[in-house]
Amino acid sequence: MRRHLRYLVLLLILLFVAVNEAVNKMRTTSWERPLWVRVYAVNADGSSTTDKYIDSLESQDFEPVEKFINREARRHGVPIEAIDIEYDGRLQSHPPQPPTGQSVAENIWWSLKFRAWATRRGWSSDKDDGDIELFVSYYDTATTQSLRHSVGLQGGLIALINAFADKAYSGSNQVVIAHELMHTLGATDKYDAGSLPVHPQGYAEPFNQPRYPQARAEIMGGRIPLSPRQARMPESLGEVVVGTYTAAEIRWPVEGQ
């Protein structure tokens, strides 16, 4: 009996989440007004180097993300500024990290914990919540050479972004932030298991002749295709566009129509 009750409670929670996601998608992709995006920094490894880096961050460090989204929105025919980003400083509390495994149940449970953490944090804050909240966890490059996968949740309009605490990585950090922000709007990944962009969805200019090398990355494809089996990470958002497939997912007008 208790087991059935737990299953019922879980089903009710998942139903609520599904309805909430549908409502959020309609609200955030109507493009009737700019979305207010709030960014928070977290010292994920506790190092003094990461502390100093976060202390140096200013709103202008996130302006390239805002300019990129708004530039691409205009290019696709959105008649307003799509987003307005505000950097809201450091958080002392840490968001829960996603599981390392591929278990569906573990990932669902983590997403619920992450949403609950974000909700509790909002209740304890004296500031208004943004439409979308991005939590950027920074790591010292001296002790962390590779980062865990970042995650953006459309239903919760929140994202956990892992980034390097080093000015040399500012451009690539901004690409990751923009990618996860697009996830919160409903955009899907467009790369395969080997992290190569999928053709045509994950290409900036999928019908170029010759096809390779591409000059830019599609934001959800993640990399610039150089050949059928080779691609490189963009160094900044200047090398990235929002492709037609992604634009359609977030209800931007299709380019040229």
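Output the residue which, of all residues in the range 133-169 that are open to solvent by 30 Å² or more (accessible area, probe 1.4 Å) and of a type in the set (Ser, Thr, Tyr), is nearest to residue 115 (Cα to Cα).
Among residues in the range 133-169 that are open to solvent by 30 Å² or more (accessible area, probe 1.4 Å) and of a type in the set (Ser, Thr, Tyr), the one nearest to residue 115 (Cα to Cα) is 139.
Only one of 195, 170 is of a type in the set (S, T, N, Q) and part of a helix (DSSP H, G or I); which?
Within the list 195, 170, the selection yields 170.
I need a count of the residues in the range 44-61 that are farther than 12 Å from residue 163 by Cβ and part of a loop (DSSP other than H, G, I, E, B).
3
Those residues that are open to solvent by less than 50 Å² (accessible area, probe 1.4 Å), farther than 20 Å from residue 207 by Cβ and out of contact with any Ser or Thr (no Cβ under 7 Å at 6 or more places or on another chain), I need them from the range 235-254; list them, please.
Passing the criteria: 236, 237.
If residue 157 satisfies every condition in (1) over 26 Å from residue 251 (Cα atoms); (2) at pLDDT below 95 but one, which is the exception?
Result: residue 157 fails condition (1) only.
Is it the case that the range 218-230 has a residue that's open to solvent by less than 10 Å² (accessible area, probe 1.4 Å) and more than 18 Å from the chain's Cα centre (by Cα)?
Within the range 218-230, one or more residues are open to solvent by less than 10 Å² (accessible area, probe 1.4 Å) and more than 18 Å from the chain's Cα centre (by Cα).
Hey, can you tell me all the residues within the range 52-111 that are surrounded by 14 or more Cβ atoms within 10 Å (Cβ to Cβ) and among the hydroxyl-bearing types (Ser, Thr, Tyr)?
Answer for the range 52-111, where residues must be surrounded by 14 or more Cβ atoms within 10 Å (Cβ to Cβ) and among the hydroxyl-bearing types (Ser, Thr, Tyr): 53, 87, 111.
The values are calculated or read from the model by the stated rules, or taken from the named source; none is laboratory data. Quick caveat: nothing in here was measured; it's all calculated off a predicted structure. We place every Cβ from the backbone using ideal geometry, glycine too, and count neighbours over all the protein chains shown. Each accessible area value is taken on the protein alone, full model and side chains, heavy atoms only, with ligands, DNA and RNA left out. Shrake-Rupley method; radii C 1.70, N 1.55, O 1.52, S 1.80 Å.
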